[in-house]
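Here's the structure, in structure tokens; my notes come after.
The values are calculated or read from the model by the stated rules, or taken from the named source; none is laboratory data. Given the structure is predicted, the values throughout are model-derived calculations rather than measurements. For neighbour counting, all protein chains shown are included, and Cβ atoms are generated from backbone atoms with ideal geometry for every residue, glycine included.
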Amino acid sequence: DSGVTQTPKHLITATGQRVTLRCSPRSGDLSVYWYQQSLDQGLQFLIQYYNGEERAKGNILERFSAQQFPDLHSELNLSSLELGDSALYFCASSRLAEPYEQYFGPGTRLTVT
Amino acid sequence: GDSVTQMEGPVTLSEEACLTINCTYTATGYPSLFWYVQYPGEGLQLLLKATKADDKGSNKGFEATYRKETTSFHLEKGSVQVSDSAVYFCALSDSSNTGKLIFGQGTTLQVKP
């Protein structure tokens, strides 16, 4: 158990819908990262927050957004969902901004039908 | 940009065989290097890391040495077990120091009794 929790574990929704994925980092970790894992793209970095502020952006679509709250949990919002958004979404956390060690949650499997 | 290339799998070995999974990287700076393991249905777990040239990371019988001259970080284990069956990801910390990890495509290891 990494100490990072993600909810829900599975999500099935229809095209055009909006969903919110939630992540709670390990106790004491200030950085939260979101990654998307798909068969064709592999593991892709989406976005990083550090202590409530956006720190880095990767291949994140404009339909996607995220935030980190004062209690350090983070939410990833995916809107106008398309079939191609079906993937595993992982959250990871680390103590500081630098990624010497990132700890991953179990992931949320999103299926868009 | 920075990138990681792993040998393609799947790799199938008999129990107690030696394992090598090749990983090479391209980076403009001096990244930290990581191996993560993903067991079926689970999130990624940090297996080992190395933060500077010639560092050797080791854990659970696995080893990898940061070779700057060959830009490599090959994963090795002297005697694999059935329980080592998983997907192994090589990763580096992005040289722009934003905190994100760049992953290879992953190598599936299957160990047969």
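Taken residue by residue, segment A:13-23 has at least one member that is surrounded by fewer than 19 Cβ atoms within 10 Å (Cβ to Cβ), more than 9 Å from every other protein chain (Cβ to nearest Cβ) and under 10 Å from the mean Cα position of the chain (by Cα). All conditions in (1) at pLDDT below 95; (2) surrounded by 14 or more Cβ atoms within 10 Å (Cβ to Cβ); (3) closer than 20 Å to A:Pro106 by Cα hold for A:Tyr50, with the sole exception of (3). In summary, A:Lys9 fulfils each of the numbered conditions (1) in contact with a Gly (Cβ under 9 Å, 6 or more places away or on another chain); (2) modelled with pLDDT of 90 or more; (3) surrounded by 13 or more Cβ atoms within 10 Å (Cβ to Cβ) with the single exception of condition (3). Here B:Tyr25 fulfils each of the conditions (1) free of Cβ contacts under 8 Å to residues at least 60 places away in the same chain; (2) under 14 Å from the mean Cα position of the chain (by Cα) apart from (1). The residues of segment B:88-113 that are of a type in the set (Val, Ile, Thr) and either more than 10 Å from chain A (Cβ to nearest Cβ) or part of a loop (DSSP other than H, G, I, E, B) (or both), listed by number, are B:Thr98, B:Thr107, B:Thr108, B:Val111.
Residue-wise test of (1) charged (D, E, K, R); (2) within 11 Å of chain B (Cβ to nearest Cβ); (3) outside any strand (DSSP E or B).
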| position | (1), (2), (3) |
| --- | --- |
| A:Glu54 | yes, yes, no |
| A:Gln67 | no, no, no |
| A:Leu76 | no, no, no |
| A:Leu81 | no, no, yes |
| A:Leu96 | no, yes, yes |
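Does segment B:24-34 hold any residues that are assigned to a strand (DSSP E or B) and more than 14 Å from chain A (Cβ to nearest Cβ), and which are they?
B:Thr24, B:Tyr25, B:Thr26
Taking the criterion of being more than 14 Å from chain A (Cβ to nearest Cβ), on the phi > 0 side of the Ramachandran plot and either surrounded by 14 or more Cβ atoms within 10 Å (Cβ to Cβ) or outside any loop (DSSP other than H, G, I, E, B) (or both), would at least one residue in segment B:53-64 satisfy it? Taking every residue of segment B:53-64 in turn, none turns out to be more than 14 Å from chain A (Cβ to nearest Cβ), on the phi > 0 side of the Ramachandran plot and either surrounded by 14 or more Cβ atoms within 10 Å (Cβ to Cβ) or outside any loop (DSSP other than H, G, I, E, B) (or both).
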